[in-house]
Amino acid sequence: MTTLNENVGIITGGGSGIGRQVALTLAKKGAAVTIADISEEGGQETVNLIEKAGGRALFVKTDVSKLEDIKHYVQKTKETFGKIDMFFNNAGIEGQVVPLGDYPEDVFEKVVDINLKGSFYGLKYVIQAMLENGGGAVVNTASNAGLVGSPGVSAYSGTKHAVVGLTKTAAAEYAGQNIQINAIAPGPTATDMMERFTQGSEEAHTQVKAGIPAGRYGTPAEVANLVVFLLSGEAPIINGAVYPIDGGHTAI
């Protein structure tokens, strides 16, 4: 098992779902991690799980739509652990499921603030920190909705397409400075977000699964395995890539 004993990572949205699983996996491999999440209960629970297993973790209450909160989680991580090597730029919301012509403007702005601006400013300030200590690795959370059209979720899909563009552009800008920047594009995954998308309807779950060649949702652990590999630095030539993790959903 690859060890990350000298590494320090930040996980936004680390209080639940995929973010929590990535945090737990990184900590198990020896990394110190900062959990940046708007949910104090969820974020602190992730920290408790890590510390109970003997790992090192810090919770920083964060609203990624607020620039000062982003600057704060970067600064707090540097003060506590000394540097930043890894960044899982993951926090996001789904918005509403409604046709574009009826999409509420206030909800659209909130989705843009969190999914796009939060990702952009996270990249901006973490990259600055990584340059100070000679490089690092970043994984951005896009979505399979950022690879194809996704009726009903225009704001979510639009911002996730934008995350793909940010990933490729930032990778091209910083690959020569030892910063590896990639993205994942999860499909339907067994998380709280998926429950909100389907409103807990078994019929809706069945319909979604019918469109996935694998016939099932992915799991947070399956997604985390790829994220941790990309953050570990084991294949630093991988840069600017976007990995669908969707059971073949975008292959058809």
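The values are calculated or read from the model by the stated rules, or taken from the named source; none is laboratory data. Because the structure is a prediction, the values reported are computed rather than measured. Every residue, glycine as well, gets a Cβ built from its backbone with ideal geometry; the counts of neighbours run over all protein chains shown.
Any chance segment 230-238 includes a residue that's part of a helix (DSSP H, G or I), at pLDDT 95 or above, within 19 Å of the chain's Cα centre (by Cα) and surrounded by fewer than 16 Cβ atoms within 10 Å (Cβ to Cβ)?
no
Would you point out which residue out of ILE237, ILE212, ILE179, ILE252 is in contact with a His (Cβ under 6 Å, 6 or more places away or on another chain), over 22 Å from LYS110 (Cα atoms) and of a type outside the set (Lys, Arg)?
ILE212
I'm checking my understanding of the structure. Among residues of segment 50-63 that are of a type in the set (A, V, I, L, M, F, W, C) and out of contact with any Lys or Arg (no Cβ under 8 Å at 6 or more places or on another chain), which one is nearest to ILE114 (Cα to Cα)?
Selected residue: PHE59.
Being closer than 24 Å to LEU230 by Cα, without any contact (Cβ under 8 Å) to a residue 12 or more places away in the chain, assigned to a loop (DSSP other than H, G, I, E, B) and not hydrophobic (A, V, I, L, M, F, W, C) is the requirement here; does GLY54 meet it?
When the stated conditions are applied, GLY54 passes them.
Do the conditions hold for THR169, that is, is it of a type in the set (Val, Ile, Thr) and more than 25 Å from THR219 (Cα to Cα)?
Criteria met by THR169.
Identify the single condition in (1) at pLDDT below 95; (2) of a type in the set (A, V, I, L, M); (3) assigned to a loop (DSSP other than H, G, I, E, B) that VAL148 does not satisfy, given that it satisfies every other one.
If we test VAL148 against (1) at pLDDT below 95; (2) of a type in the set (A, V, I, L, M); (3) assigned to a loop (DSSP other than H, G, I, E, B), just (1) comes out false.
Identify the residue in segment 171-193 that is part of a helix (DSSP H, G or I) and without any contact (Cβ under 8 Å) to a residue 60 or more places away in the chain and, among all such residues, is nearest to VAL139 (Cα to Cα).
Per the stated criteria, the residue is TYR174.
Looking at segment 165-214, which of its residues are within 19 Å of the chain's Cα centre (by Cα), of a type in the set (Gly, Ala, Ser) and over 20 Å from GLY248 (Cβ atoms)?
Hits for segment 165-214 are GLY165, ALA170, ALA171.
Is there any pair with a first residue in segment 113-130 that is under 15 Å from GLY13 (Cβ atoms) and in a helix (DSSP H, G or I) and a second that is charged (D, E, K, R) and at pLDDT 95 or above whose Cβ atoms are under 8 Å apart and which are 6 or more apart or on different chains, and what are they?
Taking only residues 6 or more apart or on different chains, the pairs are ASN115/LYS160.
Being within 30 Å of GLY215 (Cβ to Cβ) and buried (at least 24 other Cβ atoms within 10 Å of the Cβ) narrows it down to one residue among ALA137, ALA142, ALA190; which is it?
Checking each option against the conditions leaves just ALA142.
Among the candidates ALA91, ALA57, single out the residue that is in contact with a strand residue (DSSP E or B) (Cβ under 9 Å, 6 or more places away or on another chain), closer than 20 Å to ALA183 by Cα and small (Gly, Ala, Ser).
Exactly one of ALA91, ALA57 is in contact with a strand residue (DSSP E or B) (Cβ under 9 Å, 6 or more places away or on another chain), closer than 20 Å to ALA183 by Cα and small (Gly, Ala, Ser), namely ALA91.
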